[in-house]
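Note sheet for the following structure.
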Amino acid sequence: MDIKLIAIDLDGTLLDSKKRLSDVNRKTLIQCVQKGIWVVPCTGRTVHGIPEEIKGISGIRYAITTNGAVIEDMQEKAVIDTQMLSREHALELLHLVDSYHVMYDPYIDRRGITEPRFIEHLSEYCLPAELQELVRMTRDVYPNIIEFVEKSYKPVEKINLFFPDMEERARLRAELEKRTDILVTSSLPNNLEINALGATKGEAILRLASHLGLNGKQTMAIGDGENDFSMIQKAGIGVAMKNGSKELHAAADYITDTNDENGVASAIDHLVLEAKG
């Protein structure tokens, strides 16, 4: 199979458990670029949350962010495609989630928006140390999130939620999933992520492939989480990490090693680089 684009999730996939890019994975990404393959970070993070050690690899130009809400040309600093929640839609959802015991962050202009009651109590919402550091780097703090969104008059890429209580998470998920105007997914055991219809990693991969003159069969996707399900299904080759769920494994064409065992490099070597010679 002539793979020309490889979309790779970050957390739990390309990055190890300490959020680091291994030398082995880095060398494999460079090999792909040298062979003319587009390497595309495909993440629930914003573009500002993509580590510099990945963005700094020459030839890594495009990124799919906030679960497919934004496709960006990082070289030109240009947005190619968006599938976002309108301001009014986002405000309705924020008022709903505000009635639950949950930390919520809407993403606007590639930044997460938070407020002191959340950012100063990250441990209360069960964020591990590595994730707390990432949150502090990628959020802007305002006195009141809802007031900020009201005054911004801008669409929202994604609403991210963190729960200290899993029963509360289940209740809110059940309420959200009754709706037909949003997509609800998750990338961590204690989070939920709300996106606009059409904002999936899988759909974004196909849109980017079309932009680059490629067809879906020329794409490969690698992921571990629930929010990776669409890209595992829609890519020409779908690869699940060993540390992914059973449901993701069942949907995948291939299961590779864990994120702490350089599973990305292993899959690319076996399925792409060895085939290209």
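A few comments on the model shown:
- Qualifying helices (runs of 4 or more DSSP H) (wholly inside region 47-122; at least 3 residues being within 30 Å of Gly36 (Cα to Cα) and either more than 19 Å from the chain's Cα centre (by Cα) or of a type in the set (A, V, I, L, M, F, W, C) (or both)): none
- Selection within region 23-41 - in a loop (DSSP other than H, G, I, E, B) and open to solvent by less than 10 Å² (accessible area, probe 1.4 Å): Ile37
- Take the conditions (1) over 17 Å from Val102 (Cα atoms); (2) open to solvent by 20 Å² or more (accessible area, probe 1.4 Å); (3) in contact with a helix residue (DSSP H, G or I) (Cβ under 6 Å, 6 or more places away or on another chain); (4) touching a residue at least 24 places away in the same chain (Cβ under 8 Å); Asp224 misses just one of them, which is (3).
Residue by residue, here is whether (1) of a type in the set (Asp, Glu); (2) without any contact (Cβ under 8 Å) to a residue 24 or more places away in the chain holds:
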{"position": "Val40", "(1), (2)": "no, no"}
{"position": "Glu52", "(1), (2)": "yes, yes"}
{"position": "Thr65", "(1), (2)": "no, no"}
{"position": "Glu72", "(1), (2)": "yes, no"}
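- Residue selected from region 110-151 under the condition among the basic types (Lys, Arg) and touching a Lys or Arg at 6+ places or on another chain (Cβ under 9 Å), by the criterion surrounded by the most Cβ atoms within 10 Å (Cβ to Cβ): Arg139
- Residue within region 83-92 that is within 20 Å of Phe229 (Cα to Cα) and not β-branched (Val, Ile, Thr) present: yes
- Residues of region 230-277 that are more than 22 Å from Gly68 (Cα to Cα), among the hydroxyl-bearing types (Ser, Thr, Tyr) and outside any loop (DSSP other than H, G, I, E, B): Tyr254, Thr256, Ser266.
- Here is the figure for region 42-64: residues that are open to solvent by less than 10 Å² (accessible area, probe 1.4 Å) and among the basic types (Lys, Arg) total 0.
- Scanning region 83-109 for residues that are open to solvent by less than 60 Å² (accessible area, probe 1.4 Å) and of a type outside the set (A, V, I, L, M, F, W, C) gives Gln83, Ser86, Arg87, His89, Tyr100, Tyr104, Asp105, Pro106, Tyr107.
Okay, residues lined up against (1) more than 28 Å from Arg110 (Cα to Cα); (2) open to solvent by less than 40 Å² (accessible area, probe 1.4 Å); (3) of a type in the set (Asp, Glu); (4) in contact with a Phe, Trp or Tyr (Cβ under 8 Å, 6 or more places away or on another chain):
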| site | (1), (2), (3), (4) |
| --- | --- |
| Asn160 | no, yes, no, yes |
| Leu197 | no, no, no, no |
| Ala204 | no, yes, no, no |
| Arg207 | no, no, no, no |
| Ile237 | yes, yes, no, yes |
| Lys242 | yes, no, no, no |
| His249 | yes, no, no, no |
| Asp253 | yes, no, yes, no |
| Val264 | no, yes, no, no |
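The values are calculated or read from the model by the stated rules, or taken from the named source; none is laboratory data. Everything numeric in this text was worked out from a predicted model, so none of it was measured. Using ideal geometry, Cβ is built from the backbone for each residue, glycine included, and neighbour counts are taken over all protein chains shown. These accessible areas exclude ligands, DNA and RNA; they are computed on the full protein's heavy atoms, side chains included. Shrake-Rupley method; radii C 1.70, N 1.55, O 1.52, S 1.80 Å.
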